[in-house]
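S.K.: Dropping a structure here in structure tokens format, bear with me for questions.
Every number in this text was worked out from the coordinates using simple rules, so none of it is lab data. Predicted, not measured: the structure shown is a model, and the values here were computed from it. We place every Cβ from the backbone using ideal geometry, glycine too, and count neighbours over all the protein chains shown.
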Amino acid sequence: MNNTNLNNKTIEIVSEKYNACVNCKLCFEACPMMKEYSSSPKELMGEIIEHKSVDKNIPYSCMLCSVCKSKCPKDIDLKEMFYNLRKDVMNSDSKNLKGLGYNTIKFHQINSFSPIFSRSYINNNTKKIFLPGCSLSSYSPEIVMKTYDYLKSHIENISLVIECCGKPTLAMGDEKKFKSYYSKLDNIFRENEIEEVIVACPNCFDTIRNGSKDVKVTSLWSVINEFKIPNELINNYVNIEKEFSLHDPCPIRYEGKIHDDVRTILKDLGVKVVEFDKNREKSECCGAGAMVRVTNPDISIKQTKKRASEAKSDTVVSYCQSCCESMMSVGKNSLHILDFIFNEDVINKKKFAQNKTSVIHKWKMRYKTVQKGKINKF
Ligand code: SF4
Ligand code: SF4
């Protein structure tokens, strides 16, 4: 085993949680990864404290999904602990990073921040921007532009920023690199005196509200619920028998208003929604959280299959494109909520599933989103 020595601050964090834990194992039953490494969280934490070190695979199997916290009678946040363990591994000898796939993530991030795949189209008088996020831009340039057109029709002087928030680097625990990446987005906000950013991605929502405290972060679903869906789509799906299982993404598990907004939009559309037993605050990870698809693919796929099997219909709908893609990776039909509003095939009821696409195709779509943004900027 290739253990990483931990710094005193991290040991303190683990000890604090160890002392507070009553070993009820409620978190353990729900967690997608702890069973692979121990027979209880208390035992796992005890071993870490005793050895003052950790097997790097343990924190890099944690999906940082916070299901543990949602179950814990003592409100213990194991996500925070595992994230600190990740940071210690990241700051240790670089040989410890071998086998975690970090080079793949670095490659993704270098491309994401390059001018080929990112661009800001800022109107001089703008105070609000729309940030579609990487995964939606890689899925459908058409849907991104139609969403932006919709926002332009309701919000004066809104601008379009096609940038990455740096969450993959942050999730890996590389805070130094993350700060340098994130400063690009933060500088866009500061230089243009942006007051509000409207995000389509739950990871962007989480990253920006923590990274840019002076900027208001609003979920696209709250905006659509405020201005309402286009009139012609009200009850568009009411005569369709098909049901859709609604998956709530874990980065925003405590955002009850967003959960409500999404459900109201789907109701207005006439979509028949079936809930997962574990939904909203109790939602489970799609399996792709915190880059575990790269750092521990076996555990990641196992969780995705589990989550997909808990759906009560053959198609999952979500409001995170990464979750949709995670579901598709195990053969589950999937749709993004924006497909119901801006995808012609879905609107015309020809098709109720996204196509599974290659990595190359996704980069091509991302490039196309940047190009379409240039034409459609104001
Ligand atoms: S954050 Fe998720 S994966 Fe990590 S320990 Fe908690 S429940 Fe398990
Ligand atoms: S739910 Fe909380 S108290 Fe119970 S085992 Fe997990 S961390 Fe400990």
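S.K.: Stokes-Einstein diffusion coefficient for the chain at 4 °C in a medium of 1.567 mPa s, Rh from the Kirkwood formula over Cα pairs: what value in µm²/s?
M.R.: Using the Kirkwood radius from Cα pairs, D works out to 60 µm²/s.
S.K.: Given 25 °C and 0.890 mPa s, compute D for the range 118-217 with the Stokes-Einstein relation, Rh being the Kirkwood radius over Cα pairs; round to the nearest whole µm²/s.
M.R.: After rounding, the answer is 179 µm²/s.
S.K.: Sticking with this structure for a sec: With labels modelled as points extended 7 Å from the Cα through the Cβ direction, what inter-label distance (nm, one decimal) is found for E243 paired with H51?
M.R.: 4.6
S.K.: Follow-up question, since we're still on this one. Taking N as the number of residues in the range 29-151, what is its Cα Rg relative to 2.2 N^0.38 Å?
M.R.: Expressed relative to 2.2 N^0.38 Å, the Cα Rg reads 1.47.
S.K.: Need one number: nm distance between label points at E226 and D260, each 7 Å from Cα along Cα→Cβ, rounded to one decimal.
M.R.: 1.5
S.K.: Separate question: Trypsin sites (Lys or Arg not before Pro) within the range 287-378: which are DSSP loop residues with at most 16 other Cβ atoms inside 10 Å?
M.R.: Those satisfying the criteria are K312, K349, K350, K351, K356, K377.
S.K.: How much net charge surrounds K305 when only other residues with a Cβ under 14 Å from its Cβ are counted (Lys, Arg +1; Asp, Glu -1)?
M.R.: Taking every other residue near K305 into account, the sum is +2.
S.K.: Once you place label points 7 Å from the Cα toward the Cβ at I110 and I360, how far apart are they in nm?
M.R.: 2.0
S.K.: Counting pairs of alpha carbon atoms under 8 Å apart in space and at least six apart in sequence, what relative contact order in percent does the chain give?
M.R.: Rounded, it is 18 percent for the chain.
S.K.: Let me ask something additional. Report the local net charge at K179: Lys and Arg +1, Asp and Glu -1, summed over other residues whose C-beta lies under 14 Å from its C-beta.
M.R.: +2
S.K.: If you don't mind, another one. Return the calculated 222 nm mean residue ellipticity for the chain, to the nearest 500 deg cm²/dmol, obtained by summing -39500 (n - 2.57) across DSSP H runs with n ≥ 4 and dividing by the residue count.
M.R.: -14500 deg cm²/dmol
S.K.: Calculate, in nm to one decimal, what E16 and D277 gain on full extension: separation in residues at 0.36 nm each, minus their alpha carbon distance.
M.R.: Once the chain is fully extended between E16 and D277, it gains 90.8 nm.
S.K.: Let me ask another. Can you list the residues, at least 5 places off or on another chain, whose amide H is less than 5 Å from the amide H of C286, using H built in the peptide plane?
M.R.: Under 5 Å from the amide H of C286 lie the amide H atoms of C250, each far enough along the sequence or on another chain.
S.K.: Considering the dipole of the range 292-378 built from charges on the beta carbon (Lys and Arg +1, Asp and Glu -1) around the Cα centre, which of N333, T357, G373 is farthest to its positive end?
M.R.: Result: G373.
S.K.: With the Cα gyration tensor of the range 193-326 in hand, give its eigenvalues times 5 under a square root as the equivalent ellipsoid semi-axes, listed largest first in whole angstrom.
M.R.: Whole-Å semi-axes of the equivalent ellipsoid: 24, 24, 11.
S.K.: On to the next question. Sequence gap at least 6, Cα distance under 8 Å: using those rules, report the relative contact order of the range 28-153 to the nearest whole percent.
M.R.: For the range 28-153, the relative contact order is 14 percent.
S.K.: Ok, one more. Round to the nearest 10 and give me the degree value, 0 to 90, for the angle of helix 8-20's Cα axis relative to the longest principal axis of the chain.
M.R.: The helix 8-20 is inclined about 90 degrees to the chain.
S.K.: Where the only charges are on Cβ atoms (+1 Lys, Arg; -1 Asp, Glu), what is the dipole of the range 113-166 about its Cα centre, to the nearest 20 debye?
M.R.: Once rounded to the nearest 20, the dipole reads 100 debye.
S.K.: Add +1 for every Lys or Arg and -1 for every Asp or Glu among the other residues with Cβ under 15 Å from the Cβ of K349, and state the total.
M.R.: Around K349, the charge tally is -2.
S.K.: Where the only charges are on Cβ atoms (+1 Lys, Arg; -1 Asp, Glu), what is the dipole of the chain about its Cα centre, to the nearest 20 debye?
M.R.: 800
S.K.: On the first, second and third principal axes, largest extent first, how far apart are the outermost C-alpha atoms of the range 102-175 in Å?
M.R.: Sorted from largest, the Cα extents of the range 102-175 read 41, 24, 20 Å.
S.K.: To continue, here is another question. Filter the trypsin sites (Lys or Arg not before Pro) in the range 162-259 down to the DSSP loop ones having no more than 16 other Cβ atoms within 10 Å, then list what survives.
M.R.: Answer in residue order: K213, K228, K242.
S.K.: Further, regarding this structure: Taking θ = phi - 60°, what integer Hz values does the Karplus form 6.51 cos²θ - 1.76 cosθ + 1.60 yield along the range 163-179, in sequence order, with x for Gly and Pro?
M.R.: Residue by residue, the range 163-179 yields 9, 8, 8, x, 4, x, 5, 4, 4, 5, x, 8, 5, 5, 5, 4, 4 Hz.
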